[in-house]
Structure formats: C-alpha cells, structure tokens
Amino acid sequence: MKPFPGIDTLDVAQKRVLVRVDFNVPQDDSGAISDDTRIRAALPTLHALLERGAEKLVLMSHLGRPKDGPDERYRLLPVGLRLAQLLGREVLCLGETVGEGVERAIRSAPAGSVVLVENVRFEKGETKGDPELSKRMARLGDVFVNDAFGSSHRDHCSVSGVAHLLPSAGGLLLQREVEAFERVLHAPERPLVAILGGAKVSDKLKVVDNLLERVDCLIVGGGMAYTFLKAQGIGIGASLVQEDQIENVRASIQKAEAKGVKLLLPTDHVVAERFAADAAAKHVKGSIPDGWMGLDIGPETVAAYAAAIEGARTVVWNGPMGVFEWEAYSKGTEAVGRAVAACSGYTVVGGGDSVAAAEAFGLTESLSHVSTGGGASLELLEGLDLPGISALRR
Ligand code: AMP
C-alpha cells in the first residue's frame, strides 16, 4: 500500500482540527459503555494535535447503526463524558452533527477546546457519501485528520468525503494499524503463518485468496473449516457448511498446493448433538458422524496448529476456532490464542471475535498488535486499499 501523510506533515498550529475518530464502543442494555478501548486508542493522536498547537479539536464519530435519523440510544454524550475523564479535560458535546448552530458553538468555544459533534450517522447522507453533507462537515474544521481505522473501509462523508475537501492526514492509530498489516503482508519475517476462523467461509474467501499469495502456512478452523473438509470428501455430519462455496474452496485448496503453502485443517473435533451450550458433546477423530456438528477443534488439531505457530516468525490471526462464546467449545480458540501469544515472532490479531477472544483469555498484552478494526482489517488482509486511506493521498 502506498504511504499516506501523517500528522507531522499537517500544519495544525492555531487551526481548528476536524478529527474522525472511531468511538463506536459497545454498550450494555442500560447504555453504559462496556469497553472503552476505542476511546483510549484515539488519545495519542488527540494529545499530539493539542501539543502541536491545534486551536480546537472537533471530533466526529458514528455509534451503532441508527436507521432513521437521531435515535436517543445512539447519542454520543456518554462517550464524550468518558473521553473527558480519559483526556483529563472538558469535552463539549453538541446535540447536532453539522449546521450553523454547530459552527457557531465551535467558533465561540475557547481556544484549547475539545468539541464532540453528534453521531454522524444521524445524518442520512453520511453512509451514502452525500457531497453536500461532506461540505457541511468540512466547514467544521480548517484541516482534517482521519484516525478512525475501524471505519476506514467505508466510503462515508466523515471518513473519505471530508478528506477530499480539506488538507488531510492520517492519525497515529491509523498509522500504527496500517504499519502492522503492511509488516505482515509485505515485509514479513518468515515463516509467515495465517490463522483464519469464524463462521462463514464466504466472508473469508477473498482473504484466503490473497493470503495464499503470501503465507508459508495457512491454518483454518471454526465453522468455515467444514466447507474445506467437505470439499475434500471428509464427512462433516450436521456441521456448518456453505454448499455453494465448495467449488471456490476446492480452487483455494488447489491454489495452496500450487503455491507450496502448507494448509492445515482440523483432523479432530468437539462435536455436539445440536447447536446449544449445554448439548451432549463428544470428541471425534476424522469424519464427523451423521447428526453431529463440529463446534470446536479437538486436541490433536490444537497440537498441530500450536506447533506451526510456535515455529513462525510472523503470525496473523483472524477468527475463532470454534463457538468460543460457549465454555464447552472455547478450548480450541483459547489454545490457539495462547500459542499465538507465546510465539516469539511478530503477532497481529484482527477482527472483532478474535480480539474479543484474546481479551477474554487475557492474552492481549502478549501480542504485538491487536487491531481496533474488524471489517477494515479484513479488507487489508484481502489486499484492498481502504477508501478512508486512499482519500488522504493527494
Ligand atoms: P465471524 O463473524 O465469521 O468471524 O464468525 C464468528 C462466529 O463464528 C463466532 O460467533 C463463533 O461462535 C462462530 N463459530 C466458530 N466456529 C463455529 C462452528 N464450528 N460452528 C458454528 N459457528 C461457529
């Protein structure tokens, strides 16, 4: 990927700096923030901009998926309050996203202010990339910084639209994320091992295809592995399968052979009688009997995967090895996560579920990079250029 300008290239002194952050944090039923990782991840850029003499910071983010304009559940006020605590300074939270009232409030805020405008997705044009909305957003700042890695695969007004209208740069988080994936994809120390898991093989086929061009070993687990096994004629019982992807998967298996990539698939499984946390479960090797479904990789598979991971100098992991949310089927994901954490090479974890698993098992401190963006990291692994990043290069 071609480099993009960082904040050191942007003249921010005495300027209103409009910053797209990713404050799309998980909330519990009462609306309380259950994980503020994404807010913390933006702090280095915000501190750096203030230190470099920015007159005001105007922050914008989305939260959740409001369907039809303003929705009380998705107001950014709780996020602003948490940000104020973490930043150690007041944050002025506005009830609107754009418009004269917002412009006036920003103008009259004292120098050094941090202003958080309302959820950008309350504006219907946001996800459509409406040029008029991009212009209204651009009026809120003199320069623009995109630090929302988790949204950079979106061609939305607040991500790419404004970047085309103002002098722009990528923030420190964006830079760190892109550098991590660059190191894996374009300058890996070898052997490079990729681990893919998760439910649907169709979501990951483009990633498989791109990774087969680059990796020495591809490890597949989780629900997506059963389509691979079926493509090889192995019995998978009632496991998750995407029949319409069998041909594509067969082509991937052939590509792995042609490229000399070692493809590791599960050889034993924890199987259940039905898809439930408390279903009767057992361990099987080889084919899965009729009526049973594979919900986790078994110990023999874990040992083979861990051995490959141990010998790696670079590892990238995306997707759980089983239904890790249920204790009975979490062992494979935990063991693979522990193997990645113990690997002395460079280790990157991307994707919402594998990050959640790494956190649940207390592994994040031992990993080289834990990505804040699920969809965005998957698109980087697919080899795509992200709209929010390409818009910064002019
Ligand atoms: P994804 O969003 O595609 O990364 O998939 C993550 C989801 O896949 C998690 O919620 C897991 O519970 C689920 N998953 C992993 N392995 C299996 C499996 N063997 N059968 C069904 N679902 C699975």
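The values are calculated or read from the model by the stated rules, or taken from the named source; none is laboratory data. Source: prediction; values computed, not measured. Neighbour counts run over all protein chains shown; Cβ positions are idealised from the backbone, glycine included.
If you go through segment 171-230 and keep only what is touching a Phe, Trp or Tyr at 6+ places or on another chain (Cβ under 6 Å) and more than 13 Å from the ligand (Cβ to nearest atom), you end up with Leu173, Leu174, Glu177, Ile219. Residues in segment 317-340 that are under 27 Å from His186 (Cβ atoms) and either within 14 Å of the ligand (Cβ to nearest atom) or assigned to a loop (DSSP other than H, G, I, E, B) (or both): Trp317, Asn318, Gly319, Pro320, Met321, Val336, Gly337. On inspection, Ala256 fails the criterion of being closer than 28 Å to Ile297 by Cα, within 15 Å of the ligand (Cβ to nearest atom) and touching a residue at least 12 places away in the same chain (Cβ under 8 Å).
Based on what the data block shows, is Val102 aliphatic (A, V, I, L, M), assigned by TED's automatic domain parsing to the domain that holds His62, at negative phi and outside any helix (DSSP H, G or I)? In short, no.
Considering Leu384, Leu378, which residue is part of a helix (DSSP H, G or I) and at pLDDT 95 or above? So that I can check it myself, show each step before the final result.
Details: Leu384 fails: part of a helix (DSSP H, G or I).
Among Leu384, Leu378, only Leu378 is part of a helix (DSSP H, G or I) and at pLDDT 95 or above.
Residues checked against (1) hydrophobic (A, V, I, L, M, F, W, C); (2) in a helix (DSSP H, G or I); (3) surrounded by fewer than 19 Cβ atoms within 10 Å (Cβ to Cβ):
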position: Phe144; (1), (2), (3): yes, no, no
position: Gly150; (1), (2), (3): no, yes, no
position: Val159; (1), (2), (3): yes, yes, no
position: Ala169; (1), (2), (3): yes, no, no
position: Ala180; (1), (2), (3): yes, yes, no
position: Lys230; (1), (2), (3): no, yes, no
position: Gly233; (1), (2), (3): no, no, yes
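When Ala328, Ala339, Ala280 are checked against the criterion of being crowded, with 19+ Cβ neighbours inside 10 Å and of a type outside the set (Phe, Trp, Tyr), a single residue qualifies: Ala339. Any residue at all in segment 351-360 that's more than 15 Å from Pro320 (Cα to Cα) and of a type in the set (Val, Ile, Thr)? Scanning segment 351-360, I find no residue that is more than 15 Å from Pro320 (Cα to Cα) and of a type in the set (Val, Ile, Thr), so the answer is no.
Only a single criterion out of (1) in contact with a helix residue (DSSP H, G or I) (Cβ under 6 Å, 6 or more places away or on another chain); (2) within 30 Å of Gly322 (Cβ to Cβ); (3) assigned to a loop (DSSP other than H, G, I, E, B) is not satisfied by Gly198, namely (1).
Output the residue which, of all residues in segment 1-41 that are among the hydrophobic types (A, V, I, L, M, F, W, C), within 20 Å of the chain's Cα centre (by Cα) and not in a strand (DSSP E or B), is surrounded by the most Cβ atoms within 10 Å (Cβ to Cβ).
Taking segment 1-41 first, the residues among the hydrophobic types (A, V, I, L, M, F, W, C) are 1, 4, 7, 10, 12-13, 17-19, 21, 23, 25, 32-33, 39, 41.
Next cut, within 20 Å of the chain's Cα centre (by Cα) only: 1, 4, 19, 21, 23, 25, 33, 39, 41.
Subset that is not in a strand (DSSP E or B): 1, 4, 21, 23, 25, 39, 41.
Numbers: Met1: 16, Phe4: 21, Val21: 30, Phe23: 26, Val25: 19, Ile39: 22, Ala41: 25.
Step by step, filter segment 1-41, then rank; the result is Val21.
Would you confirm whether or not segment 342-356 contains a residue that is within 11 Å of the ligand (Cβ to nearest atom), in contact (Cβ under 8 Å) with a residue 24 or more places away in the chain and either touching a Cys at 6+ places or on another chain (Cβ under 7 Å) or of a type in the set (Asp, Glu) (or both)? Yes, segment 342-356 contains at least one residue that is within 11 Å of the ligand (Cβ to nearest atom), in contact (Cβ under 8 Å) with a residue 24 or more places away in the chain and either touching a Cys at 6+ places or on another chain (Cβ under 7 Å) or of a type in the set (Asp, Glu) (or both). I'm trying to understand the selection: among the residues of segment 105-115, which are assigned to a loop (DSSP other than H, G, I, E, B) and free of Cβ contacts under 8 Å to residues at least 24 places away in the same chain? Pro110 - this is the single residue of segment 105-115 that is assigned to a loop (DSSP other than H, G, I, E, B) and free of Cβ contacts under 8 Å to residues at least 24 places away in the same chain. Just one residue in the set Leu94, Leu133 is farther than 24 Å from Gly31 by Cα and free of Cβ contacts under 8 Å to residues at least 40 places away in the same chain; that residue is Leu133. Tallying residues that are part of a strand (DSSP E or B) and within 30 Å of the chain's Cα centre (by Cα) within segment 273-303 yields 5. Does Leu63 satisfy the condition of being in the same structural domain as Asn146 (by TED's automatic domain parsing), of a type in the set (A, V, I, L, M), within 23 Å of Arg136 (Cβ to Cβ) and assigned to a helix (DSSP H, G or I)? So Leu63 does not fit the description; no.
Residues in segment 301-316 that are of a type outside the set (A, V, I, L, M, F, W, C) and either away from the ligand (no atom under 16 Å from the Cβ) or not assigned by TED's automatic domain parsing to the domain that holds Tyr226 (or both): Glu310, Gly311, Arg313, Thr314. Reported count of residues in segment 62-83, each being out of contact with any Asp or Glu (no Cβ under 6 Å at 6 or more places or on another chain) and farther than 28 Å from Lys128 by Cβ, is 1.
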